[in-house]
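Structure record follows, encoded as structure tokens.
The values are calculated or read from the model by the stated rules, or taken from the named source; none is laboratory data. Please read all numbers here as calculations on a predicted model, not as lab measurements. Every residue, glycine as well, gets a Cβ built from its backbone with ideal geometry; the counts of neighbours run over all protein chains shown.
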Amino acid sequence: MTHKIAVIPGDGTGPEVIREGVKALKAVEDTVQGLGLDLEKFPYGADHYLETGELIPEEGLNRLSEKDAIYLGALGDPEVAPGVLEKGILLKLRFYFDQYINLRPVKLYPNVPCPLSGKGPEDIDFYVIRENTEDFYAALGGRAKNKTHETLEISRSIYNAKFDTDIEVEGDEIAYQIGIISRKGAERAIRFAFELAEEKGLERMTSVDKANVLSHAYGLWREVFEEVAEDYPDIETEFSYVDAVTMWFVKSPEWYRTIVTPNMFGDIITDLGAMIQGGLGLAPGGNINPEGVSMFEPIHGSAPKHAGKNKANPLATILAGQMMLEQLGEEKAAKIIEDAVIEVLKEGEVRTYDLGGDSSTSELGDAVAEKIRER
Ligand code: IPM
Ligand code: MN
């Protein structure tokens, strides 16, 4: 079966790590009989934006809609104001394709240095399922009580009752950002998490929120969690506050099996998750729409300071490729990639700087591709 895959290398170290990811995909395509991968590159990112003023055009979205998956490097460039590329491309794609799940495995592989003393691969192996389209990412908000016309109107309509109406005074300026949890959005993310736990035989589900303070939004989240949990009586459930979870990730990561959480807390705790699995160089993620076009990427950013040095660790991107194949139903090919990564790590001869070695991005990619071809 042939899968049509869009490749967006992006910015900074993105093209270097995606090159190695593609190398692994090609190796597995050659190894697994009947597997076809039809890759097409797309130029979106900082250079394209600076040259053309275009982030991602309608025509690009249409062409991506025809693909079975998107394989993304990283976005972000010091030449472009923060947020422009992230919101204009990365979040745009997540929203446009309604990729409502952000699946982030937190897994410490053998022979990877872990900053937690006394913890090994048997202690760190769980999934974070991050809701990916709502919460504070819904981009609802504004500024008011400043001197611009639109915000003047907003401030009149929303805040007149509460604030002095002298909106010409700049010192009174306010900003507000609203987090949204919808019943449907929470339900589909939580159900996906339970389905995954069931499929993988994982016995515990932790809902991470902050319902003690943000009780409107996360109160609804909890209600929906309890409703959905009833359909999975064999899975043990618990609620945990996000601040406590950051502590427990460090103290007792072995407790966790599957975690489901709204968007922003999911963003934050998966960076911590990446550190306990050996660093951002090892942490992949999938932006998933189970009925649509999903997108796979390393969870790290574009790391501009390392760009062009053939230095970055490509394993997170290679493992994102593994997740992509799994989502496409190519379990066997996916497992070959993961096994190859594990073997290279176990041998420990080819290691990038973050793993304490001095191998280059391409040397590590070559080592993985070679292991794949040995299957
Ligand atoms: C991530 C990133 C993005 C996010 C940024 C770049 C918009 O941090 O994928 O975790 O906040 O989701
Ligand atoms: Mn993040």
Restricted to the range 120-133 and to residues being over 15 Å from the mean Cα position of the chain (by Cα) and part of a loop (DSSP other than H, G, I, E, B), the residue surrounded by the most Cβ atoms within 10 Å (Cβ to Cβ) is 124
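Consider the range 248-266. How many of its residues are within 12 Å of ligand 2 (Cβ to nearest atom) and surrounded by fewer than 19 Cβ atoms within 10 Å (Cβ to Cβ)? Even if it seems obvious, please write down each step before you answer.
Within the range 248-266, the first condition is being within 12 Å of ligand 2 (Cβ to nearest atom), and the residues that meet it are 263-266.
Restricting the remaining residues to those that are surrounded by fewer than 19 Cβ atoms within 10 Å (Cβ to Cβ) gives 264.
Residues meeting the conditions: 1.
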Candidate set from the range 236-273 (those that are without any contact (Cβ under 8 Å) to a residue 60 or more places away in the chain and in contact with a Leu (Cβ under 9 Å, 6 or more places away or on another chain)); member that is farthest from residue 127 (Cα to Cα): 251
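Matching residues to (1) at pLDDT 95 or above; (2) among the charged types (D, E, K, R); (3) touching a helix residue (DSSP H, G or I) at 6+ places or on another chain (Cβ under 9 Å); (4) within 30 Å of residue 275 (Cα to Cα):
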site: 21; (1), (2), (3), (4): yes, no, yes, yes
site: 29; (1), (2), (3), (4): yes, yes, yes, no
site: 48; (1), (2), (3), (4): yes, no, no, no
site: 70; (1), (2), (3), (4): yes, no, yes, yes
site: 85; (1), (2), (3), (4): yes, no, yes, yes
site: 100; (1), (2), (3), (4): yes, no, yes, yes
Go through the range 332-360 and report how many residues are free of Cβ contacts under 8 Å to residues at least 40 places away in the same chain and at positive phi. 0
Take the residues in the range 281-326 that are of a type in the set (Ser, Thr, Tyr) and more than 24 Å from residue 191 (Cα to Cα), then tell me which one is nearest to ligand 2 (Cβ to nearest atom). 302
Test of understanding: among 342, 337, 372, which residue is β-branched (Val, Ile, Thr), closer than 21 Å to residue 68 by Cα and assigned to a helix (DSSP H, G or I)? 337
List the pairs whose first member sits in the range 29-48 and is surrounded by 14 or more Cβ atoms within 10 Å (Cβ to Cβ), whose second member is among the charged types (D, E, K, R) and in a helix (DSSP H, G or I), and whose Cβ atoms are under 7 Å apart, counting only residues at least 6 apart or on separate chains? 31/373; 32/332; 35/29; 37/29
Filter the helices (runs of 4 or more DSSP H) completely within the range 26-119 down to those with at least 1 residues that are away from ligand 1 (no atom under 16 Å from the Cβ). 46-52, 58-65
Look at residue 81 and say whether it is within 20 Å of residue 298 (Cβ to Cβ) and among the hydrophobic types (A, V, I, L, M, F, W, C). no
Exactly one of 247, 205, 264 is at pLDDT 95 or above and within 16 Å of ligand 1 (Cβ to nearest atom), and that residue is 264
What are the residue pairs meeting all of these: first residue in the range 191-202, first residue assigned by TED's automatic domain parsing to the domain that holds residue 256 and closer than 15 Å to residue 102 by Cα, second residue at pLDDT 95 or above and in a helix (DSSP H, G or I), Cβ atoms under 9 Å, and 6 or more apart or on different chains? 191/228; 193/228; 194/228; 194/229
Kindly check whether there is at least one residue in the range 85-98 that is of a type in the set (D, E, K, R), touching a residue at least 60 places away in the same chain (Cβ under 8 Å), more than 16 Å from ligand 2 (Cβ to nearest atom) and surrounded by fewer than 22 Cβ atoms within 10 Å (Cβ to Cβ). yes
(1) out of contact with any Lys or Arg (no Cβ under 8 Å at 6 or more places or on another chain); (2) in a helix (DSSP H, G or I); (3) surrounded by 15 or more Cβ atoms within 10 Å (Cβ to Cβ): which one isn't true of residue 208, the others all being true? (2)
